[in-house]
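Here is the structure we will look at, set down as structure tokens.
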Amino acid sequence: MTDPAPPIRVAALYRFAPFSDCAGLRRGLETVCAEAGVKGTLLLAPEGINGTIAGCADGIDRVLAHIRALPGCAALSVKMSGAEIMPFYRMKVRIKREIVTMGQPDIDPLKDAGCYVSPGDWNVLISDPDTILIDTRNAYEVRVGTFAGAVDPGTASFREFPDWFRANRERLTAGRPAAKIAMFCTGGIRCEKATAFLKAEGLDGVYHLDGGILKYLETVPEPQSLWRGECFVFDQRVAVGHGLTQGDHVLCHGCRMPVSPDDRASALYVEGISCPACHDRRDDSQRAGYLERQRQVALAASRGQGHIGVTPPPKAAPIAPSGPA
């Protein structure tokens, strides 16, 4: 007997497209999301749309149909997964300068992206000794999981990637003038933009994983997979594994960083208060505030209620970027 599909559909989506009236597009998106009962975050910028939304199947289909009708969005990239409970507490549609912030205004991913590589062809490319494999995500995401043999730039944000590449270009390509460069990220948006950047830097043999890690984990059977660990996602599921099943990581509500089962075994991990990554960066007054919040969370849970206070990060904490990337 086949297990029933999870009741909540989660859609991670993006599309580079020319938008001239982001304010008008936002009003339309807010209306259709409210009417469809869909929650999550959508980012709009002159370069396109990016975000993750969740809701019932009909609601998600309605919102996606609306987005695909926007200028240049007929070929919208969408990765679907499921959740047992709603992973978002509200719907936000925000206007930004970029849908994924790189700080390089002269590149155009819509026209100059590198070669798209399907998940089915990805293993062959990255197993080639002449391929340089680069993870374009942030360091905290890489710690949750990555492809075997990938270079970790160790960046705290995607904005740091251009400076990192320029500083390390010679080291990466030394003695390998014909090397191919393959890049990947969660949903495809960061690596797609990164390929446009590398092409602007004068490199031609640039490739990226079409649909990102999520599409790879969804379509490549685990026995053939070169992925190691789990994939961090930008909602309350925290991480997913092969088949996009929910992973074993949880979120530290003291610093908003993913916490592994090994981290949770540490004496520095206190649920809702601290983890090994942030324990020494919090003072007693902050911990007292987190303790009270966790008490309220437990009280709400005992009443069968959710507690919205676990979602926003504390003011003193580093904030993970919103939306898929």
- Message: For a quick check, take a GNM of the chain with Cα springs below 10 Å and name the residue from VAL151, VAL142, VAL206 with the largest mean-square fluctuation.
- Response: VAL151
- Message: Taking C-beta distances below 4.7 angstrom as the pairing criterion, name the unpartnered cysteines of the chain, in sequence order.
- Response: CYS22, CYS33, CYS56, CYS73, CYS115, CYS231
- Using the Cα gyration tensor of the stretch 1-159, with a ≥ b ≥ c the square roots of its eigenvalues, what is the shape: rounded (a/c below 1.5), prolate (a/b larger than b/c) or oblate (neither)? oblate
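Using r as the Cβ-Cβ distance of TYR140 and ARG26, and R0 as 35 Å, what FRET efficiency do you calculate, to the nearest 0.05?
Working from the Cβ atoms, E equals 0.75.
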- Distance in nm between pseudo-label sites at ASP284 and ARG97 (7 Å out along the Cβ direction from Cα): 4.3 nm
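For the chain, what is the mean residue ellipticity at 222 nm derived from helices alone (per DSSP H run of n ≥ 4: -39500 (n - 2.57); sum divided by total residues; nearest 500 deg cm²/dmol)?
-9500 deg cm²/dmol
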- Message: Between [x] 19; [y] 31; [z] 35, which entry matches percent of Cα pairs over 36 Å apart as derived from the coordinates of this structure?
- Response: [x]
- Item | Label-point separation in nm, ASP262 to LEU226, each point 7 Å along Cα→Cβ | 2.3 nm
- Query: What FRET efficiency, computed as 1/(1 + (r/R0)^6) with R0 = 30 Å and r the Cβ-Cβ distance, is obtained for ALA75 and ARG176, rounded to the nearest 0.05?
  - Reply: 0.35
- Taking only the alpha carbons of the stretch 8-95, the radius of gyration and the largest Cα-Cα distance, Dmax, both in angstrom, are 11.8, 37
- Item | lysines with Cα under 28 Å of LYS96, excluding same-chain neighbours fewer than 8 positions away | LYS39, LYS79, LYS111, LYS193, LYS199, LYS215, LYS315
- Message: Roughly how far apart, in whole Å, are the Cα centres of the stretch 167-203 and the stretch 87-141?
- Response: 11 Å
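FYI, it's all coordinate maths here, none of it is from the lab. Quick caveat: nothing in here was measured; it's all calculated off a predicted structure. All Cβ positions, even for glycine, are placed from backbone atoms using ideal geometry, and neighbour counts span all protein chains on display.
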